[in-house]
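J.: Once you've had a glance at the structure underneath, I'll fire off some questions.
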Amino acid sequence: MPVLGDVVRKVAIARFSRTLGTLVSSGVPILQALNIVKETAGNVILTAAIEKVYDAVKEGETITKPLEASGVFPPMVISMIDIGEETGALPEMLVRIADVYEEEVDNAVTAMTSLLEPVMIVFLAVIVGSIVIAMFLPLIKMMDKLGQ
């Protein structure tokens with residue numbers, strides 16, 4: 001879906017980042033946190049990507065390689081997670097990612113709403129116009145017959 005697909009993807013990434021960041025900052029081990037995030041993702045594609053991340057981390061790799069290989073996450077998210085891993089500030093980076101994506105979702109929804117208003121006004125004008133025409137058409141026909 002052209003417009004909604006991007007918004008849905010951003011919502012999923014924001015939810016993933018916020019949940020994982022909160023769990024890791026609360027002291028939950030990363031494997032257990034990934035398992036919880038996988039269960040709460042609510043997106044089949046994201047769940048598959050998180051499963052690959054879980055397997056990679058279990059093998060001792062970093063989080064960023066399977067995220068990059070999945071193709072689900074944008075490069076900015078991968079870069080921020082990589083920096084967070086290297087600096088030891090992964091929870092803060094994940095929360096920052098969630099903040100950015102939640103703001104982008106809010107902006108996109110506001111833009112869609114503002115585009116929807118004129119369409120609704122035109123739609124209602126067509127409905128009201130057709131009702132008015134339907135009411136006056138018999139009157140006009142009756143006046144024509146009386147005038148003859």
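The values are calculated or read from the model by the stated rules, or taken from the named source; none is laboratory data. Every value quoted in this text rests on a predicted model; they were computed, and no experiment measured them. Cβ atoms come from the backbone with ideal geometry, glycine included; neighbour counts cover every protein chain shown. Side chains are part of the model used for accessible areas, which takes the heavy atoms of the whole protein and leaves out ligands, DNA and RNA. Shrake-Rupley method; radii C 1.70, N 1.55, O 1.52, S 1.80 Å.
J.: In whole angstrom, how far apart do the alpha carbon centroids of segment 99-146 and segment 35-59 sit?
T.: The two parts, judged by their Cα centres, are 44 Å apart.
J.: Sorted by mean Cβ packing within 10 Å, highest first, what order do the peptides 30-37, 121-128 take?
T.: In descending order of packing, they fall as 30-37, 121-128.
J.: Out of the total accessible area of segment 11-77 (probe 1.4 Å, heavy atoms of protein only), what percent is carbon and sulfur?
T.: Summing carbon and sulfur atoms, their accessible area is 57 percent of the total for segment 11-77.
J.: Work out from phi, with θ = phi - 60° and the Karplus expression 6.51 cos²θ - 1.76 cosθ + 1.60, the ³J(HN,Hα) of each residue of segment 112-119, listed in order in whole Hz, and give x for Gly and Pro.
T.: Values, residue by residue: 5, 5, 5, 6, 6, 4, x, 5 Hz.
J.: May I ask you to give the percent of accessible area on segment 85-128 that is carbon plus sulfur, with a probe radius of 1.4 Å?
T.: Answer for segment 85-128 is 69 percent, counting heavy atoms of protein chains only.
J.: At 1.4 Å probe size, with every protein chain present, just tell me what the per residue accessible area of the chain comes to in Å².
T.: So the chain comes to 64 Å² accessible per residue, rounded to a whole number.
J.: Right, another one. Taking Rh as the Kirkwood radius computed over C-alpha pairs, what is the Stokes-Einstein D of the chain at 37 °C in a medium of viscosity 0.692 mPa s, expressed in µm² per second?
T.: 178
J.: What number, rounded to the nearest 500 deg cm²/dmol, is the helix-based mean residue ellipticity at 222 nm of the chain, given -39500 (n - 2.57) per DSSP H run of at least four residues and division by all its residues?
T.: Value at 222 nm, helices only: -29500 deg cm²/dmol.
J.: Using the Karplus curve 6.51 cos²θ - 1.76 cosθ + 1.60 with θ = phi - 60°, what ³J(HN,Hα) values do you get for each residue of segment 67-73, in whole Hz, with x for Gly and Pro?
T.: 5, 5, 5, 5, x, 7, 8
J.: Follow-up question, since we're still on this one. On a 0 to 90° scale, report how tilted helix 44-58 is relative to the longest principal axis of the chain, with both axes built from alpha carbons and the result rounded to the nearest 10.
T.: 10
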